[in-house]
Amino acid sequence: FSGGMGTVDDPYLISTVQDLNRIGQNPRLMKVHFRLIDDIDLTGVDLFIIGSRSYPYAGVFDGSGHTISNFRCTSTRTRRNGIGLFGYVDDPNAQIRNLGVIYPHVNAGSDVGALVGSLKAGTITNCYVQGGTVSGLKNVGGLVGSSDGGAISACRSSASVSGSSGGWKYRGIGGLVGNNFSQLFNCHATGNVLGDR
């Protein structure tokens, strides 16, 4: 990485595409801490999503007011779930904060969001999605696909969101969060939302 030791007081520093892409490749990094120190453009990059169902992200990722732009993830496999910059986040102490996601293009199965696919536990604070598209089958949101716990505060999204039930009775499509059981504070969404019946 570009510096740091991965602790809360001295997080690993992320300044390049290569730094960012190293995180998702290594399950041993899911409990360490990171700080973004520059804007990152992912045009043409196949990003390794951070956190999986087996190894969810449980650390602190501080964007420090920087942005990650042009994140792209599409899948024709309808069973590919938990898709976002962070696929799964699951720890009471996990935090994603002060981060902007610019012009994402995400299309997958369920639990699909530009920032987080599935938030099981933890907090998301002062984050936003600007423009772009997020689409899937169910539990699709501009910021977070599905949130079963934790808290989301001071966040916003202007992404266009769409979902197609694919025969499911329950879909969960939302401008900010597709399927929400977490606490929301001071959040809003302004993007178009489209879902079928």
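The values are calculated or read from the model by the stated rules, or taken from the named source; none is laboratory data. All values derive from a computational prediction rather than experimental measurement. Using ideal geometry, Cβ is built from the backbone for each residue, glycine included, and neighbour counts are taken over all protein chains shown. Surface accessibility is based on the protein's heavy atoms, side chains included, excluding ligands, DNA and RNA. Shrake-Rupley method; radii C 1.70, N 1.55, O 1.52, S 1.80 Å.
Inspection of the stretch 141-149 identifies no residue that is open to solvent by 40 Å² or more (accessible area, probe 1.4 Å), under 24 Å from HIS66 (Cβ atoms) and not β-branched (Val, Ile, Thr).
Within the stretch 164-175, residues that are in a loop (DSSP other than H, G, I, E, B) sit with their Cβ atoms under 7 Å from residues that are exposed (fewer than 13 other Cβ atoms within 10 Å of the Cβ) and at pLDDT 60 or above, at 6+ positions apart or across chains, in these pairs: SER164/ASP196; SER165/ASP196. For the stretch 77-86, check the following and say yes or no: at least one residue is more than 13 Å from the chain's Cα centre (by Cα), crowded, with 22+ Cβ neighbours inside 10 Å and either in a strand (DSSP E or B) or at pLDDT below 95 (or both). Checked against the condition, which is being more than 13 Å from the chain's Cα centre (by Cα), crowded, with 22+ Cβ neighbours inside 10 Å and either in a strand (DSSP E or B) or at pLDDT below 95 (or both), the stretch 77-86 yields no hits at all. Of all residues in the stretch 55-67, those that are under 19 Å from ASP10 (Cβ atoms) have Cβ atoms under 6 Å from Cβ atoms of residues that are open to solvent by 30 Å² or more (accessible area, probe 1.4 Å) and in a strand (DSSP E or B), 6 or more apart or on another chain, in ALA58/ASP91; VAL60/GLN95; ASP62/ARG35; ASP62/ARG97; SER64/ARG35.
Residues in the stretch 13-39 that are in contact with a Ser or Thr (Cβ under 8 Å, 6 or more places away or on another chain), open to solvent by 30 Å² or more (accessible area, probe 1.4 Å) and not in a loop (DSSP other than H, G, I, E, B): LEU13, PRO27, ARG35.
Take the stretch 40-49 and flag every residue that is open to solvent by less than 70 Å² (accessible area, probe 1.4 Å) and either in contact (Cβ under 8 Å) with a residue 60 or more places away in the chain or part of a loop (DSSP other than H, G, I, E, B) (or both). Step through it out loud before you land on a result.
Step one: filter the stretch 40-49 for residues open to solvent by less than 70 Å² (accessible area, probe 1.4 Å), giving 40, 42, 45, 47, 49.
The answer is LEU42, VAL45, LEU47, ILE49.
Which residues, taken from the stretch 50-67, are open to solvent by less than 30 Å² (accessible area, probe 1.4 Å), assigned to a loop (DSSP other than H, G, I, E, B) and in contact with a strand residue (DSSP E or B) (Cβ under 6 Å, 6 or more places away or on another chain)? GLY51, ALA58, GLY63 - these are the residues of the stretch 50-67 that are open to solvent by less than 30 Å² (accessible area, probe 1.4 Å), assigned to a loop (DSSP other than H, G, I, E, B) and in contact with a strand residue (DSSP E or B) (Cβ under 6 Å, 6 or more places away or on another chain).
On the basis of being touching a Pro at 6+ places or on another chain (Cβ under 9 Å), more than 20 Å from SER153 (Cβ to Cβ), open to solvent by 20 Å² or more (accessible area, probe 1.4 Å) and not basic (Lys, Arg), does ASN70 make the cut? In short, yes.
Looking across GLY136, GLY131, one residue alone is open to solvent by less than 30 Å² (accessible area, probe 1.4 Å), in contact (Cβ under 8 Å) with a residue 12 or more places away in the chain and under 23 Å from GLY63 (Cβ atoms). It is GLY131. Checked against the criteria, ASN139 counts as at positive phi and either of a type in the set (Phe, Trp, Tyr) or at pLDDT below 95 (or both). Contact map, the stretch 182-196: first residue open to solvent by 70 Å² or more (accessible area, probe 1.4 Å), second residue modelled with pLDDT of 95 or more and among the basic types (Lys, Arg), Cβ cut-off under 6 Å, separation 6 or more or different chains; pairs are HIS188/ARG156.
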